[in-house]
1. Looking for whichever is assigned to a helix (DSSP H, G or I), touching a helix residue (DSSP H, G or I) at 6+ places or on another chain (Cβ under 6 Å) and at pLDDT below 90 here; the options are Gly14, Gly51, Gly40. Which one fits?
2. Applying the selection to the stretch 84-123, what residues are open to solvent by 50 Å² or more (accessible area, probe 1.4 Å), in contact with a helix residue (DSSP H, G or I) (Cβ under 6 Å, 6 or more places away or on another chain) and in a loop (DSSP other than H, G, I, E, B)?
3. For the stretch 22-68, which residues satisfy the criterion of being charged (D, E, K, R) and under 17 Å from Phe144 (Cβ atoms)?
4. Which members of the stretch 136-155 meet the condition of being closer than 22 Å to Gly264 by Cα, touching a residue at least 60 places away in the same chain (Cβ under 8 Å) and either loosely packed, with under 15 Cβ neighbours inside 10 Å or over 20 Å from the mean Cα position of the chain (by Cα) (or both)?
5. Of these, Val166, Val200, Val204, which one is in a helix (DSSP H, G or I) and in contact (Cβ under 8 Å) with a residue 60 or more places away in the chain?
6. From the list Gly263, Gly272, exactly one residue is of a type in the set (Gly, Ala, Ser) and either on the phi > 0 side of the Ramachandran plot or free of Cβ contacts under 8 Å to residues at least 12 places away in the same chain (or both). Which is it?
7. Among the residues of the stretch 277-298, how many are in a helix (DSSP H, G or I) and open to solvent by less than 10 Å² (accessible area, probe 1.4 Å)?
Amino acid sequence: MNKFQAWIGAKGVGSILILALLLLVVFPLVFDIFRLNLVGKYLTYGFVAIGLVMLWGYGGVLSLGQGVFFGLGGYAMAMFLKLEASDPVSTKIQSTPGIPDFMDWNQLTALPLWWKPFEHLPFALFAVVAVPTLLAFVIGYAMFKRRVGGVYFAIITQAVALILTVLIIGQQGYTGGVNGMTDLKTLLGWDIRTDGAKYVLYYVCALMLLGTIVLCAWIQRSKLGTLLLAMRDKEDRVRFSGYDVAMFKVFVFCLAAALSGIGGALFTLQVGFMSPSFVGIVPSIEMVIFAAVGGRMSLVGAVYGALLVNFGKTYFSESFPDLWLFLMAALFIGVTMAFPEGLAGVWTQKVLPWWRRNQAQRRAVREALARDAATPADTVPPRAAAKAAAPALSGQSA
């Protein structure tokens with residue numbers, strides 16, 4: 001049993017199991033379907049936060065434009081859902097039946113050619129991952145090969161987020177404009193608005209998130225994870241050792257983009273719409289806050305950070321509609337000042353040491369009592385046994 005407990009603690013399996021218990025058992029039992037659907041929405045941001053742990057925490061590259069990849073994944077899924085909802089029967093009152101309503105409002109008379117592949121779900125699922133990854137590769141290769149990093153890279157990613165937001169809003173006839181893509185109803189004929197569908201989508205999102213944590217934890221423990229840490233701390237030494245640092249950065253940037261795209265697609269399914277309000281600079285900075293609050297070196301902590309910040313956002317906006325922005329800022333500033341390592345730092349620096357001290361004290365008491373019980377009563381008086389155990393107990397408490 002002790003070996004099993006040691007294995008769980010050494011591999012970090014315990015924290016994943018606790019998170020799995022919360023997501024798969026506790027939350028579905030405690031929350032009604034409305035709140036559970038909100039939790040499912042929050043978990044989609046967990047994919048972005050995990051990607052930032054890999055990119056920022058392990059790779060040392062801060063991106064302030066992850067909303068771009070989140071939005072691209074969400075729009076890829078929304079395009080398929082919108083086309084399915086725009087069949088000729090459902091759109092017979094339009095001037096041009098069979099195309100999305102926002103295209104008809106903008107006087108388009110035919111479906112654009114680049115929309116047609118999204119009529120097929122396999123292509124849409126492929127695009128959810130491929131489109132964000134391709135854009136990340138282009139940006140990363142262009143920047144990292146020229147050794148652009150630090151603050152300059154963060155500003156460039158912000159600029160990309162702003163450009164994409166303006167592009168989506170400006171091309172209203174093709175993207176839905178500022179309103180985005182709404183009224184998404186079915187997935188291959190399956191109504192995603194029912195309570196049963198929301199339960200299924202929640203569990204799909206939770207299981208995929210746990211699988212993502214396991215995958216990223218495996219990468220962290222591999223040679224690649226070691227190189228990412230070395231690259232973050234001593235980039236020049238890694239470069240002088242013969243490794244192509246730029247391509248390592250491109251890889252981890254593409255990984256974070258792919259995870260963000262998956263989160264965006266699941267968000268579209270959970271919420272039923274996608275708009276440019278999830279693509280710009282503000283949501284991108286909020287996504288960095290998720291990772292910072294949870295702990296930028298902890299995969300599980302990033303998920304807790306996304307849950308905590310979004311729970312706070314919902315609670316403050318419902319209870320204090322005039323002050324919730326100030327309260328959210330106070331929450332972020334307070335957490336980062338009190339716990340620089342985030343929630344994960346509280347666990348590793350406060351909770352775990354206290355637990356280990358407590359376990360060591362209990363073990364010392366049990367051993368002292370066992371020795372006392374094994375010694376004949378006429379050989380060692382009880383007071384002598386108590387005095388013999390006192391130094392061990394005082395040493396453990398110190």
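1. Result: Gly14 is the single residue among Gly14, Gly51, Gly40 that is assigned to a helix (DSSP H, G or I), touching a helix residue (DSSP H, G or I) at 6+ places or on another chain (Cβ under 6 Å) and at pLDDT below 90.
2. Residues satisfying the conditions are Ser95, Asn106.
3. Answer for the stretch 22-68, where residues must be charged (D, E, K, R) and under 17 Å from Phe144 (Cβ atoms): there is none.
4. Phe137, Ile139, Gly140, listed by residue number.
5. Result: Val204 is the single residue among Val166, Val200, Val204 that is in a helix (DSSP H, G or I) and in contact (Cβ under 8 Å) with a residue 60 or more places away in the chain.
6. Criteria check complete, one pass: Gly272.
7. Pass one, the stretch 277-298, residues in a helix (DSSP H, G or I): 277-278, 281-294.
Among the residues that remain, those that are also open to solvent by less than 10 Å² (accessible area, probe 1.4 Å) are: 284, 287, 290-291, 293-294.
The number of residues fulfilling the criteria is 6.
Table: residues versus (1) small (Gly, Ala, Ser); (2) closer than 30 Å to Leu23 by Cα.
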site	(1), (2)
Val160	no, no
Leu187	no, yes
Lys198	no, yes
Tyr203	no, yes
Ser222	yes, yes
Gly225	yes, yes
Asp236	no, no
Gly242	yes, no
Phe253	no, yes
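The values are calculated or read from the model by the stated rules, or taken from the named source; none is laboratory data. Bear in mind that the values here come from a model prediction, so they are computed numbers and not experimental data. Every residue, glycine as well, gets a Cβ built from its backbone with ideal geometry; the counts of neighbours run over all protein chains shown. The protein model used for the area step is the full one, side chains on, heavy atoms only, and it has no ligands, DNA or RNA in it. Shrake-Rupley method; radii C 1.70, N 1.55, O 1.52, S 1.80 Å.
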